[in-house]
Amino acid sequence: MGKMLLKKKRGFTLIELLVVIAIIAILIALLLPAVQQAREAARRSTCKNNLKQIGLALHNYHDNFRSFPPGDVRRTYGAGVQTWTTSMLGWIPRILPFLDQAPLYNQINFELEAGVSAAPNNALRREKLPVVRCPSDSSRQPSADYGPTNYMACRGITTTTTGSPDTSIFANNSNTKIRDIGDGTSNSMMISETFASAPFCDDQPSGGVCPASCITKTPYTGGAQQGYSWMYAALYEAAYYGTVYTPNHSEPDCGASSSSQAAHLSARSKHVGGVHVLLADGAVRFASENIDLSIWRNLGDPDDGNVLGEW
């Protein structure tokens, strides 16, 4: 018989295995950022769509009631009644029927004077509404007592948290009509973003500027939180942002309970580079955090007569 030829079995060498592992690691490192960017793009698109729905709801409200909803409704000063003891209901609950939330709207007591502590509003405030939440802000979990929101009404350049500001579409007991927007609906912003349930400093401001004791608080203490509730528009559940600073500004958010004190509450988002803005014509645009401050302030004033630059 001839010699039997034995085939030698051959496997991967250690070097080959290491090369394959390195290639896989490189591919994963290249793929993950692309996946994360795709996910953020989807979340950003959802956020933009939320604001479009809110804009449509605001215009439907205007068509029905001949004005945009008030930023919040409170009794006037007098007879020993402080504004924060009234219902504090904001603009969002008033547009619920136009956001496919008519059953929830019908349960709200809009005449309630006792504020956050009384039924049925104290239970309804816990409802979580996806349409008022930006999915990019998932790091801030909803409070057990409130259904937070990421969307705030523009307060303009005012530095007060109570009383009507000089200029804005939304304010205490406001009744703004489209004809009141002298600069044009495409040049005036109504709504933008902030962090849901984001604490802000509620120390005593001085001269309209947040004090050093506020700036040094990391994190801030106290119960004051922006976007704490879609239902209420009181100080400690602030439902407004201002244009004192540009979006995502490094200065801390601060507010106080008296009209003589400062309220510097900026538009903020988890999106890279800026925030979404809902204009009064219903359009949604992305405002860069590097936007010129004068343009940003002009956008927040619906009747200043200034010509906007490119943004």
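The values are calculated or read from the model by the stated rules, or taken from the named source; none is laboratory data. It should be emphasised that the depicted structure is a prediction, and the values quoted were computed from it without experimental measurement. Positions of Cβ are backbone-derived with ideal geometry, glycine not excepted, and every protein chain shown enters the neighbour counts.
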message = I'd like to check something: does region 224-233 contain any residue that is surrounded by 15 or more Cβ atoms within 10 Å (Cβ to Cβ) and modelled with pLDDT of 85 or more?
response = yes
task = Any chance you could count how many residues in region 175-202 are surrounded by fewer than 23 Cβ atoms within 10 Å (Cβ to Cβ) and either within 20 Å of the chain's Cα centre (by Cα) or not hydrophobic (A, V, I, L, M, F, W, C) (or both)?
result = 15
query = If Glu113 satisfies every condition in (1) among the acidic types (Asp, Glu); (2) at pLDDT 70 or above; (3) closer than 13 Å to Tyr232 by Cα but one, which is the exception?
reply = (2)
request  = Among what's in region 271-291 and is of a type in the set (D, E, K, R) and part of a loop (DSSP other than H, G, I, E, B), pick the residue that is surrounded by the most Cβ atoms within 10 Å (Cβ to Cβ).
outcome  = Glu289
task = Of the numbered conditions (1) modelled with pLDDT under 85; (2) out of contact with any helix residue (DSSP H, G or I) (no Cβ under 8 Å at 6 or more places or on another chain), Asn122 fails exactly one; give the number of that condition.
result = (2)
inquiry  = Scan region 25-47 and tell me whether some residue there is of a type in the set (A, V, I, L, M), out of contact with any helix residue (DSSP H, G or I) (no Cβ under 7 Å at 6 or more places or on another chain) and closer than 22 Å to Ser192 by Cα.
reply    = yes
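Just to be sure I understand, how many residues within region 39-79 are among the aliphatic types (A, V, I, L, M) and at pLDDT below 95?
Applying the first criterion (among the aliphatic types (A, V, I, L, M)) to region 39-79 yields 41-42, 51, 54, 56-58, 73, 79.
Filter once more, keeping what is at pLDDT below 95: 41-42, 73, 79.
The qualifying residues number 4.
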ask   = Among all residue pairs at least 6 apart or on different chains, which show Cβ distances below 6 Å where the first residue, located in region 42-64, is among the β-branched types (Val, Ile, Thr) and the second is in a helix (DSSP H, G or I)?
value = Thr46/Pro135
